[in-house]
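One structure is given below, encoded as structure tokens.
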Amino acid sequence: MGGPPRRWIDLHLHSTASDGHYAPAKVVEMAAVRGLAAIALTDHDTIDGLPEAAEAASQHQIEFVSGVEIEAAHGRKRLHLLGYGFDPDWPELREALASMLEQRHARNRRIIARLNELGVEIDYESVQKRARGAVGRPHIADELMRRRVVSGFQQAFSKYLGNEAPAYIPREAIDSSAAIAMIRKAGGTVSLAHPGRVTVSSHLELATLIADLRDQGLSAIEVLHPDHNDAQVRHFGELAERFNLRPSGGSDFHSLGRAVHRGVGFAKRRVPYDWLECLRASPHTR
Ligand code: AMP
Ligand code: ZN
Ligand code: FE
Ligand code: FE
């Protein structure tokens, strides 16, 4: 080996197991090229990519942390929760993820039916071919592009799939308290993903929400994320301290061509290795 110790990490990465562009092993290789010390693969609602990523990480001598990103409901709000360091074989976790996947399929079929009603020719089988694991709107958008129904990914959302668009069907989501409890029972810790994307009307509202999630068992908040500007990074760091939560961070890497495109290892600032040690030492871990 030799060389200086690798001190940076990335705890938010997507692969083809959900809506990322690269296979789990390729994402790990990109992290290795960046010289990262540790990574977590956090695909949406699925842990199917973890074995391949763990294997690749051991080849590249990168420390690997099991991860998942779950969409959860908190009252009328939708949040993304990042689970880390859990046992991927925990039966309750596997069952819950399987039922989320089922719900996704049912919802995707409804979106396709709505698109057909709108005169768009598209079938679910060809959409499913575009994904290995958790199929969602990004895969439908890709198929709409391939069929030249739309000229780009963004147009697929503005014209059809976006939350305000005609083919939007809301997705059922697990309650945040249930999601947090489940990850913790599987031996993991939970971080609130990209708080900058949570719709709130005031700082107080966000603080209240975070306090409530903390009471549900949240251990961390994602301070570093490419969406967060400097003021937000500072603000979320302060919130973490105020509520005795750990900071986490990652690139939310999906591909080199989409909105979050700054690559593996880039989360506005680099995420220090210490943060992983803090996360592990958090009182909520089994
Ligand atoms: P789903 O989990 O199927 O609801 O898909 C959610 C994903 O769709 C998000 O993670 C984004 O990648 C993408 N997405 C949602 N809304 C938009 C939008 N307005 N523009 C571009 N991508 C979007
Ligand atoms: Zn995604
Ligand atoms: Fe997210
Ligand atoms: Fe993500």
Query raised in the report: Of these, A220, A240, which one is hydrophobic (A, V, I, L, M, F, W, C) and either touching a residue at least 40 places away in the same chain (Cβ under 8 Å) or within 16 Å of ligand 2 (Cβ to nearest atom) (or both)?
Result: A220
Query - Flag if I174 is touching a helix residue (DSSP H, G or I) at 6+ places or on another chain (Cβ under 6 Å) and not small (G, A, S) - result: no
Report task. Please name all residue pairs, on different chains or six or more residues apart, with Cβ atoms under 6 Å, provided the first residue is in segment 188-205 and is under 13 Å from D227 (Cβ atoms) and the second residue is open to solvent by 30 Å² or more (accessible area, probe 1.4 Å) and within 16 Å of ligand 2 (Cβ to nearest atom). Result -> A193/H80; H194/D227; G196/D227
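The values are calculated or read from the model by the stated rules, or taken from the named source; none is laboratory data. Here the structure is a predicted model, which is why all the values come from computation and not from measurement. Please note: Cβ atoms are built from the backbone with ideal geometry, for glycine as well, and neighbour counts cover all protein chains shown. Ligands, DNA and RNA are stripped out before the accessible areas are found, and what is left, the full protein with its side chains, is counted by its heavy atoms. Shrake-Rupley method; radii C 1.70, N 1.55, O 1.52, S 1.80 Å.
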